[in-house]
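Please treat every number below as a calculation from the coordinates, not as lab data. Since we're looking at a predicted model, the values are computed, not measured. Please note: Cβ atoms are built from the backbone with ideal geometry, for glycine as well, and neighbour counts cover all protein chains shown.
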Amino acid sequence: MSEPEDNDGLDEGGARRIRPTLLIALATVLILVCCGGGAVSFFMDAANNTVTYDSGCGNGQMVDVAAKLPNHRELSPEQVRNAAIIVRVGQDMKVPPRGWVIAIATALQESSLHNLPNLGKRNDHDSLGLFQQRPSTGWGTPAQIMDPQYASRKFYEKLLTVNGWETMSLTRAAQRVQRSAYPNAYAKHEELASTVVNSLTGGAARAVGNQVQQQCVSANQITASGWTAPVNGKVGSGFRTASRPTHQGVDLMVPKGTVIHAAAAGQVIQARCQAHLANGTEWGCWRDGSPSVLGCGWYVDIRHANGIVTRYCHMVKQPSVVIGQSVAPGQEIGFSGSTGHSSGPHVHFETHINNDGSKNGAVDPVQFMQRMGAPLGVEP
Amino acid sequence: MRTVLRLLSTRYGIALILVVIVLAIVGVGRTILDSSGQSSPNDALGPSVAPVETTPEPFSSLGDDGLDEPASAAPSLSKGAADVTTVATRFAKAWLRKPGITGEQWRAGLKPDASPDLMTELADTDPSDVPASTITGPIALENIGQDAKARVPADGGAIVLELQVFSGRWQVTSLDWEAA
């Protein structure tokens, strides 16, 4: 490119005037073509973090029930279509995403998300449709109830009249509307309902449950799927690390006296003190423990739906809940401390599967809580 | 070559040089910042599933600071309290559909063996909605420690109960139905 110019000397022709501009234009085009993407990420924080569809907290779009819907391993296209209708009616009514999860879990229990006609002898009374609503108890005419849009709207209308429905356990909120003879039936569908909502909405079940504006949870907020971090402290020691291979949970760093929240709804199955010396001598939880004391100190175990158990150790005093009590997502269960096998205030937090509270059922709480949409270690 | 140098000294050339310098500085700065791990977990585009920050292990000498297993498993029942099979069976029988029973009568039959929270859930239930009227087989129990799960076969399915020992006796805390 430079050869012809070598002989040009001082003679500046009109044609040559264009050259610098041309060169710069060429260079600009080249830079844009070869490093356009890089240039954007150069200046933007956001582009440095890969955002996958599966990790979003809702795309904020209305579900188009007539469009092609995502496939689902456990559900037929017809069931997914009915779920989409339920979500869309909720969106139209400005119900926050917690309501969509509750509605789909309810329909999973009542009809497996099939728009059930009268099944004759097998039918329960005169119950019909997705939510098994009854014309005789004022839900509408049979034709109305068999319209999934109408049925969903009636469900939400009733749900919205339940005081505090956004913060109670899913099974309790659903039971307030449905008045079933077996009230604990709905909890087991919370996980699948959340998965369906996520696939239809780009992750809205991971968004803050009680606000219409979709947004990932920060500390002390509860997801639409009903999960929250128990405290908002950094993860000190991780799960089964090289230096602590028998560490069956994570240590969350918070000062003494910090409120500990139930990670999700469930039943309290343990709430007691465990602190003794290696020779079996009782140490007690009325005072701080030490590395030579064994046990969880004051601790709580909560059993959630689908065989999940969570554990919260080293509370400063007797837990705020008792065995047999039902807790709502995020409910206060106690205060952090340093009782039992502990050298300083922190919350030892464990997550278990297969209804197995022993070390055999323990899974990494960091991964587990991330999957539930309520990551640990998030700053306020 | 000379032409290139001359072009660089034009104002366009100087502008280009300045752009390159700015890009270089931003680039170097960002690389250093990124390697120090200062990425925010929430940002404009949406969430990042960023690795959770782990502070240096503060309790590395502690080993297992969780439960000292096995935690005592024997249920601490009061003297004379009924065993889990008796309680589950009695509750299941009281729950069955019976012609003409009122809600109050039905709840009174359930109350002695149900947890207070479970009774709250049943406050508005119409007993004619109970899907079963007879027990059809022996009760099956699993996971008996301080808590247990019981399945009671009945016409049309199975009653699924969760029970726990508290206040010195077995109480039903959860009630579900599995249709056959």
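Here the calculated FRET efficiency for A:D356 and A:L119, from their Cβ-Cβ distance with R0 = 45 Å, stands at 0.75, rounded to the nearest 0.05. How would segment B:111-180 be classified by its alpha-carbon gyration tensor: rounded, prolate or oblate, with rounded meaning a/c under 1.5 and the a/b versus b/c comparison settling the rest? Taking the square roots of the gyration eigenvalues as a ≥ b ≥ c, segment B:111-180 is oblate. When only the Cβ of Lys, Arg, Asp and Glu is charged (+1, +1, -1, -1), the dipole of segment A:83-215 relative to its Cα centre reaches about 140 debye. I'd like the FRET efficiency for A:Q367 and A:E74, computed as 1/(1 + (r/R0)^6) with the beta carbon distance as r and R0 of 35 Å, rounded to 0.05. After rounding to 0.05, the efficiency reads 0.95.
Per-residue packing, averaged as other Cβ atoms within 10 Å, sorts the ranges A:278-286, B:87-95 into the order B:87-95, A:278-286, beginning with the highest.
Note on A:A66/A:N210: beta-carbon distance plugged into 1/(1 + (r/R0)^6) with R0 of 25 Å gives a FRET efficiency of 0.30. The loop-placed trypsin sites (Lys or Arg not before Pro) in segment A:63-157, going by DSSP, that have at most 13 neighbouring Cβ atoms within 10 Å of their Cβ come out as A:K68, A:R73, A:K94.
Put a plus charge on the Cβ of each Lys and Arg, a minus charge on the Cβ of each Asp and Glu, and nothing anywhere else: the dipole of chain A about its Cα centre is then about 1600 debye. Note on A:K94: lysines with a C-alpha under 29 Å away, same-chain residues under 8 apart excluded, are A:K68, A:K154, A:K158, A:K188.
Specify whether the C-alpha gyration tensor of chain A places it in the rounded, prolate or oblate class, a ≥ b ≥ c being the square roots of the eigenvalues: rounded for a/c under 1.5, otherwise prolate if a/b is larger than b/c and oblate if not. Oblate, since a/c reaches 1.5 and b/c is not below a/b. Take each residue in B:116-127, count the other chain C-beta atoms within 10 Å of its C-beta, and the mean is 5. Summing Cβ point charges (Lys, Arg +1; Asp, Glu -1) relative to the Cα centre of segment A:201-306 gives a dipole of roughly 140 debye.
Screening chain A for whole DSSP H helices with an alpha carbon extent of at least 27 angstrom along the helix axis and a mean Kyte-Doolittle hydropathy of at least -0.5 yields A:14-43.
Remark on B:G157: its backbone amide H falls under 5 Å from those of B:A180, a criterion applied only to residues 5 or more positions apart or on other chains, H modelled at 1.01 Å from N. The packing ranking, built from the mean of other Cβ atoms within 10 Å per residue, places the peptides B:131-138, A:104-111 in the order A:104-111, B:131-138, highest first. Within 10 Å of each Cβ of A:355-362, how many other protein chain Cβ atoms are there on average? If you average over the peptide's residues, the count of other-chain Cβ atoms is 3. Remark: mean inter-chain Cβ contacts per residue of A:180-192 equal 6, using a 10 Å Cβ-Cβ cutoff to other protein chain atoms.
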